[in-house]
1. For the range 10-36, enumerate the residues that are basic (Lys, Arg) and at pLDDT below 95.
2. Among the residues of the range 23-63, write down those that are of a type in the set (Lys, Arg) and without any contact (Cβ under 8 Å) to a residue 12 or more places away in the chain.
3. Taking the range 40-69, which residues are among the hydrophobic types (A, V, I, L, M, F, W, C), over 14 Å from Ser2 (Cβ atoms) and under 10 Å from the mean Cα position of the chain (by Cα)?
4. Looking only at the range 10-31, filter to residues that are surrounded by 12 or more Cβ atoms within 10 Å (Cβ to Cβ) and in a strand (DSSP E or B); which one of those is farthest from the chain's Cα centre (by Cα)?
5. Those residues that are open to solvent by 60 Å² or more (accessible area, probe 1.4 Å) and over 15 Å from Val78 (Cα atoms), I need them from the range 32-51; list them, please.
6. Condition test on Phe7, is it loosely packed, with under 15 Cβ neighbours inside 10 Å, modelled with pLDDT under 95 and of a type outside the set (Val, Ile, Thr)?
7. State yes or no: is Lys66 in contact with a Ser or Thr (Cβ under 8 Å, 6 or more places away or on another chain) and either touching a residue at least 60 places away in the same chain (Cβ under 8 Å) or open to solvent by 90 Å² or more (accessible area, probe 1.4 Å) (or both)?
8. With the requirement that a residue be of a type outside the set (A, V, I, L, M, F, W, C) and either open to solvent by less than 30 Å² (accessible area, probe 1.4 Å) or more than 10 Å from the chain's Cα centre (by Cα) (or both), what does the range 70-82 give you?
Amino acid sequence: MSTKNGFKAVHHFETVEKINTLFQKAVYVKTEHDFYNRKDVLHFKKYETKFKTRDGVRCKAYITIKETSQGGNVFYSVELRK
């Protein structure tokens with residue numbers, strides 16, 4: 001969780017609430033293959049965007065999308081950094 005990077009849990013939850021909006025304005029960074037070579041994981045796509053939390057904290061959101069071969073399922077994760 002982003003608390004390891006100096007953010008409060010409330011900042012992380014706020015970011016998750018805004019994931020769709022943040023993703024729409026995010027910039028593509030790179031694509032990575034699964035380091036564990038799991039058969040169902042196609043790849044990971046990394047994006048980043050800057051934003052300000054409700055209480056004015058400026059941060060970068062690093063969004064990772066895990067694409068799998070399981071019925072087109074996509075999983076999102078987000079990490080905050082200053």
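The values are calculated or read from the model by the stated rules, or taken from the named source; none is laboratory data. Treat the numbers as computed from the prediction; the structure is a model and nothing was measured. Note that we place each Cβ from the backbone using ideal geometry, even for glycine, and neighbour counts take in every protein chain shown. Quick note on the areas: whole protein, heavy atoms, side chains included, nothing else; ligands and nucleic acids left out. Shrake-Rupley method; radii C 1.70, N 1.55, O 1.52, S 1.80 Å.
1. Within the range 10-36, Lys18 is the sole residue that qualifies.
2. Those that are of a type in the set (Lys, Arg) and without any contact (Cβ under 8 Å) to a residue 12 or more places away in the chain: Arg38, Lys50, Lys52.
3. Ile65
4. For the range 10-31, the residue satisfying everything is Thr31.
5. Listed by number, the residues that qualify are His33, Phe35, Tyr36, Asn37, Arg38, Lys39, Leu42.
6. No: the conditions fail for Phe7.
7. No, not satisfied.
8. Within the range 70-82, Gln70, Gly71, Gly72, Asn73, Arg81, Lys82 meet the criteria.
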